[in-house]
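Q: The structure is given below, and queries will be raised subsequently.
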Amino acid sequence: MNRVVITGMGIYGCLGKNIEEAKESLFHGRSGIGIDPERREIGFRSILTGIVDRPQLKGVLHRRLRIGMAEECEYAYMATVEALNMAKIDDDFLDKNEVGILYGNDSSAKAVVNAIDTVREKKDTTLIGSGSIFQSMNSTITMNLSTIFKIKGINFTVSGACASGSHAIGMGYFLIRHGLQKHIICGGAQEINSYAMGSFDGLSAFSIREGDPAAASRPFDKDRDGLIPSGGGATVILESYEEAVKRGALILGEVIGYGFSSNGAHISQPSVEGPMRSLEMSLQDANIKADEVDYINAHATSTPVGDMNEAKAINEVFGSCKPIVSSTKSMTGHECWMAGASEVAYCLLMMDNDFIAPNINFENPDENSAKLNITDKTLNKKIDVFLSNSFGFGGTNSSLIIKKFQNN
């Protein structure tokens, strides 16, 4: 079995447009949540959202390459450029080596809506535009980035709801570990336009605590009233240890465990047993004990049932050792398809800089969260091993374990 290491990462989201900005936001507990007044005009119950500026790619990429990129693909491109630069993988390396791409994405709503609106208004499909189909498909990110970066290895999109980004990293880890690939660009991205979020809003899943946007996302807090939609793009570069050493790459961390499960129950209500099996499998795959995990970045989205059941699952598996727990979604909101990848990047930043980001707005624990070791403030603490949870609609669960790199 090959060792699998991380040699680059990139972030483009509401905590910052690069990893340095994201690190500062995490350390200072700075929220990226704001207000989108336009959502009220079109009938949204909640107008809270993560604030993510669209990147300006004109002059960066030729129009021929930009025309097929959906919003989420633009975010993914920015994050991937940063990650490749950090990993010191250039165009020449991409051209001469079999590098793969696995990216988490589970919607491209705005592109689909725009195409349908054009047909309905103009009654002429030729006016949709040649780039529409490449924007509209769920695989918009991998098909565009594989073209832009001339990818020659594995190339497909992972659609696993809010665990998409995490499963993409897990699958990349699996392929490299078993010698099927040597280098894979992995990540997750989420469009943040209103078209992508209307159905969630219609389910009354969002917080309506609009008076203080920064205080609205409250994972594990007794007074939580729903999640905040957010988005952007996050990329990590996975490589076999041998290849990374051969290139002289800086190694940021080592992926040592991947656990997954399906709840096999309700399509939207999370369970306790499913996440427990994912957590236990990740520990077994990593060949470590529960007390060796220093920090858990919880999935916890600030929903009443979701946070409750995750707290129960964590307590069942880690109750005797009580690792430090926080949910960075308290600052980012729920980055959906992106979250599993971005939260790995956030944790890598914490591990590299010896701190644990706070679970902001955690003021009143409930009976389940009170059993966990949740930090509501930034801790200056060394992390040797962290675990990141991601769970999604349909009962899909993913748990990743990453450790600080040790050359042994």
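The numbers here are math on the coordinates, done by the rules we state, and not lab data. Here the structure is a predicted model, which is why all the values come from computation and not from measurement. Cβ placement follows ideal geometry from the backbone for every residue including glycine, while neighbour counts extend to all protein chains displayed.
Q: Hey, what's the Cα Rg ratio for the stretch 189-278 versus the globular rule of thumb, 2.2 N^0.38 Å?
A: Scaled against compact globular proteins, the figure is 1.56.
Q: Nearest-5 percent of antiparallel DSSP beta bridges in the stretch 256-403?
A: The antiparallel proportion sits near 65 percent.
Q: Could you sort 346-354, 395-403, 7-15 so that the peptide with the highest average Cβ count within 10 Å comes first and the rest follow in order?
A: Highest to lowest by the protection proxy: 7-15, 395-403, 346-354.
Q: Near Lys377, which lysines are there with a Cα under 21 Å away, not counting those fewer than 8 places off in the same chain?
A: Filter leaves Lys23, Lys222, Lys322, Lys329.
Q: Specify the inter-centroid distance of the stretch 346-408 and the stretch 82-116, based on alpha-carbon positions, in whole Å.
A: Between the Cα centres of the stretch 346-408 and the stretch 82-116 lies a distance of 27 Å.
Q: Can you return the lysines within cross-link range of Lys110? Criterion is Cα-Cα under 23 Å, with same-chain partners fewer than 8 residues away left out.
A: Straight-distance partners of Lys110: Lys17, Lys58, Lys122, Lys123.
Q: Right, another one. Could you tell me what fraction of 2.2 N^0.38 Å the Cα radius of gyration of the chain comes to, as a two-decimal ratio?
A: That ratio works out to 0.92.
Q: Another one. Tell me, what are the semi-axes, in whole angstrom and largest first, of the equivalent ellipsoid of the stretch 4-247 as set by the roots of 5 times the Cα gyration tensor eigenvalues?
A: 31, 24, 15
Q: Right, here's the next one. As a footprinting exposure proxy, order Arg39, Arg30 by other Cβ within 10 Å, with the fewest listed first.
A: Least crowded to most crowded, the residues run Arg30, Arg39.
Q: State the antiparallel share, in %, of DSSP beta bridges confined to the chain, rounding to the nearest 5.
A: 65 percent
Q: Which value, in Å to one decimal place, does the Kirkwood hydrodynamic radius take for the stretch 292-398 when every pair of different Cα atoms is included?
A: After inverting the mean inverse Cα-Cα distance, the result is 13.8 Å.
Q: Let me ask something else about it. Apply the Debye scattering formula to the stretch 169-224, with a single equal point scatterer on each alpha-carbon and no solvent, then give log10 I(q)/I(0) at q = 0.15, 0.29 Å⁻¹.
A: -0.70, -1.15
Q: Cα centroids of the stretch 230-279 and the stretch 155-189: how far apart, whole angstrom?
A: 8 Å
Q: Pull up all non-local amide H partners of Asn138: gap of 5 or more, or a different chain, and H-to-H distance under 5 Å with H placed in the peptide plane.
A: Here nothing satisfies the definition.
Q: Something else about it: Nearest 20 debye, what's the magnitude of the dipole of the stretch 256-403 about its Cα centre given +1 on Lys and Arg Cβ and -1 on Asp and Glu Cβ?
A: Dipole about the Cα centre, nearest 20: 60 debye.
Q: So what are the ³J(HN,Hα) numbers for the stretch 208-215, from phi and the Karplus equation (6.51, -1.76, 1.60; θ = phi - 60°), rounded to whole Hz, Gly and Pro as x?
A: 10, 7, 7, x, 9, x, 5, 9
Q: Go through Tyr173, Asn359, Cys336 and say which Cα lies farthest out towards the positive end of the charge dipole of the chain; charges sit on Cβ, +1 for Lys and Arg, -1 for Asp and Glu.
A: Farthest towards the positive pole: Tyr173.
Q: Then there is this: Hey, what number do you get for the chain at 222 nm if only DSSP H runs of n ≥ 4 count, each worth -39500 (n - 2.57), divided across all residues, to the nearest 500?
A: Roughly -10500 deg cm²/dmol at 222 nm, from the helical runs in the chain.
Q: Using the membrane-span-like helix rule (whole DSSP H runs, Cα extent along the own axis of at least 18 Å, mean Kyte-Doolittle hydropathy at least 1.6), which helices of the chain qualify?
A: Long hydrophobic helices here: none detected.
Q: Can I ask one more? Dipole of the chain, Cα-centred, from +1 at each Lys and Arg C-beta and -1 at each Asp and Glu C-beta, to the nearest 20 debye?
A: 680 debye
Q: Would you pull out the residues with amide H under 5 Å of Phe156's amide H, same chain only if 5 or more places away, H placed 1.01 Å from N?
A: Sorted by chain and number, the residues that satisfy this are Ile101, Tyr103.
Q: Please arrange Asp201, Asp92 by counting, for each residue, the other beta carbons lying within 10 Å of its beta carbon, fewest first.
A: Exposure proxy ranking, most exposed first: Asp92, Asp201.
Q: Got a sec? How would Tyr77, Tyr103, Tyr241 order by Cβ neighbour count within 10 Å, fewest to most?
A: Tyr241, Tyr77, Tyr103
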